[in-house]
Amino acid sequence: MNTHLCLPELTATFASQTVGFERPCLLVIGGRPPERAWLRRIAHHRTVWAVDRGLGFCRESGILPARIIGDGDSATKKAWTWGEALAIPMDRFPPEKDLTDTQLAIRIANDAGFAAAILTGAFGGRLDHAYSTAFTAAHAPISCVLADARETMLFLRDGEHATITCHAHPIAISLLPFSEQVNDVRTEHLHWTLQNAVLSQDEPAAVSNVLESGENTFSVSIGQGILAVYLCWAE
């Protein structure tokens, strides 16, 4: 059974029984602010949860989140007061805790029955936050994608295949291992094609590929491991 992920920049079709992007939760988190028009477009007809600083991005974009999650250490006082005044359901945690607000939000989404989450506000900002978010998303119990108007990262796990149609031409497409090794990597319609390739986490060797000339659709499949498919439209 195929499932589809629809974003302004791309449509990804997964040939998998485990990927479920038909009704994802949209988590607005606290990295680089997504463009307001882009956020309003992607939030349309989706369940939106604000994760700490992401509450301010929702407020500034005129989006009313269905839930607020976080410890309040990065959201502005104005944004937090706005959320409280509107009586938005809130999961508030102490700042001194083991998990990040994003990790908690993914756990809560899983517990709430969501099969997938789109994380925006995931890029930019501190490297340690981006690292934590990316690895948490790659290994999460639900399917996750990191996305904004400039960058998108989606993940393939054991035996999965994705066909990705780009609505805007990316300047780079990279395949990044999120397990020690990813085996039997195959691609079609990229300039540098892979067949039965092994990609290693300790020396990523499939960075800055591009679409084959004249193509706007490419595909990636893997045998075993966890592989990120990363697309960049603007640096």
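Summary table below
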| read-out | value |
| --- | --- |
| Burial ranking of peptide ranges 84-97, 171-184 (average Cβ count within 10 Å, highest at the top) | 171-184, 84-97 |
| Solvent accessible area, Å² - residue 152, 1.4 Å probe, full protein context | 0 Å² |
| Total charge dipole magnitude, the chain, about the Cα centre, Cβ charges on Lys, Arg, Asp, Glu only, Debye to nearest 20 | 920 debye |
| In Å², nearest 10: area of residue 74 left accessible to a 1.4 Å probe | 50 Å² |
| Net charge, residue 96 excluded, C-beta distance under 11 Å - Lys, Arg +1, Asp, Glu -1 | -2 |
| Assigned charges on the beta-carbon of Lys, Arg, Asp, Glu; the stretch 143-191 dipole about Cα centre (debye) | 140 debye |
| Farthest toward positive dipole pole in the stretch 80-129 [+1 Lys/Arg, -1 Asp/Glu at C-beta], among 106, 87, 122 | 122 |
| Accessible area of the stretch 103-192 belonging to carbon and sulfur atoms, whole % at 1.4 Å probe | 53 percent |
| 38, 192, ranked by accessible area, largest first (probe 1.4 Å) | 192, 38 |
| Accessible area expressed per residue, the chain, with surrounding protein chains retained (probe 1.4 Å, Å²) | 47 Å² |
| Area of residue 155 that stays accessible when all protein chains are in place (1.4 Å probe, Å², to 10) | 20 Å² |
| Counted charge near residue 47, where neighbours are those whose Cβ lies closer than 9 Å (Asp, Glu -1; Lys, Arg +1) | +3 |
| Sorted peptide list for 51-60, 195-204, criterion being average Cβ within 10 angstrom, highest first | 51-60, 195-204 |
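The values are calculated or read from the model by the stated rules, or taken from the named source; none is laboratory data. Keep in mind the model is a prediction, meaning the values are calculated, not measured. When we count neighbours, we look across all protein chains shown, and the Cβ atoms used for this are built from the backbone with ideal geometry, even at glycine. Keep in mind that these areas ignore ligands, DNA and RNA; they rest on the heavy atoms of the full protein, side chains included. Shrake-Rupley method; radii C 1.70, N 1.55, O 1.52, S 1.80 Å.
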